[in-house]
Amino acid sequence: MQLVVARIGRAHGVKGEVTVEVRTDEPELRLAPGAVLATEPAGAGPLTIETGRVHSGRLLLRFEGVRDRTAAEALRNTLLIAEVDPAELPEDPEEFYDHQLMDLDVVLADGTEVGRITEITHLPSQDLFIVERPDGSEVMIPFVEEIVTEIDLDEQRAVITPPPGLIDESQAVIDSSRDEESDGGETPGTGKDV
């Protein structure tokens, strides 16, 4: 099974190093010197990592055969893909690979069916489950502990406790000062007497 583990960013310096956007919780394993990675687009690879280092909080990699800034810049936006045994599990029991979560049934704590995970989106701040509802519509569920309370791989389900409005917009709670009664004789937001 193939997993995207990073995306190549811009060139760094003049000796072929590139910045990478890490997309794995195990960069020390997946992006170590000597690792051979497939690429998307396929024509850019495979690439073998020669060196890796952290500079100003960013991971920098150099690949075998990439010796100058021009060659490094040509790799920009290339996805790095690692081959992973489907039976392999992350070291931390609270972490999951995307392929483990795909197609899980999503249910509320009382067992009410919400839908099925069809996609996982990785954002800088958090990951999102894209859940297809039984009626064909989609809902986005933030993959955070407060909302996704349980992942049960044996039962093939994710249990969620969504805040009001996440699943059913009619239950949304509006938090706005404009809805409150004004007791000062002013029109909210204008600062003028009425």
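The values are calculated or read from the model by the stated rules, or taken from the named source; none is laboratory data. The shown structure was predicted, so the numbers you read here are calculated from the model rather than taken from an experiment. Note: ideal-geometry Cβ built from the backbone for every residue, glycine included; neighbour counts use all protein chains shown. Ligands, DNA and RNA are excluded from the accessible area calculation, which covers all protein heavy atoms including side chains. Shrake-Rupley method; radii C 1.70, N 1.55, O 1.52, S 1.80 Å.
First compute the accessible area of region 55-116 with a 1.4 Å probe, then give the percent of it belonging to carbon and sulfur atoms.
Whole-percent figure for carbon plus sulfur exposure: 47.
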Can you give me the convex hull volume of the Cα atoms of region 33-163, divided per residue and expressed in Å³? 156 Å³
LEU31: accessible area at probe 1.4 Å, nearest 10 Å²? 10 Å²
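Once neighbouring chains are kept in place and the probe is 1.4 Å, which whole percent of the accessible area of region 1-54 is contributed by carbon and sulfur? If you can, show how the numbers build up before the last one.
On the way: 1510 of 2800 Å².
Of the solvent-accessible surface of region 1-54, carbon and sulfur hold 54 percent.
Find, among the GluC sites (Glu not before Pro) in region 17-119, those assigned to loop by DSSP (not H, G, I, E, B) with at most 12 other beta-carbon atoms within 10 angstrom. Numbers along the way, then the final one.
Working: sites: GLU17, GLU21, GLU28, GLU50, GLU64, GLU73, GLU83, GLU88, GLU91, GLU94, GLU95, GLU113, GLU119; in loops: GLU64, GLU88, GLU91, GLU94, GLU95.
In loop regions of region 17-119 (DSSP not H, G, I, E or B), the sparsely surrounded GluC sites (Glu not before Pro) are GLU88, GLU91, GLU94, GLU95.
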Give a residue-ordered list of calculated ³J(HN,Hα) values for region 10-20 (Karplus: 6.51 cos²θ - 1.76 cosθ + 1.60, θ = phi - 60°; whole Hz; x for Gly, Pro). 7, 5, 10, x, 10, 10, x, 6, 10, 7, 9
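With r as the distance between the Cβ atoms of VAL54 and ALA74 and R0 = 25 Å, compute the FRET efficiency 1/(1 + (r/R0)^6) and round to 0.05. List each step's numbers first, then the result.
Values: r = 24 Å, r/R0 = 0.94.
Once the sixth-power term is evaluated, E becomes 0.60.
Rg over Rh of region 1-103, using C-alpha atoms and the Kirkwood radius, what does it come to? Can you show the working numbers first?
Working: Rg = 13.8 Å, Rh = 14.0 Å.
Expressed as Rg/Rh, it is 0.99.
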If you find the alpha carbon centre of region 147-167 and of region 1-57, how far apart are they in angstrom? 33 Å
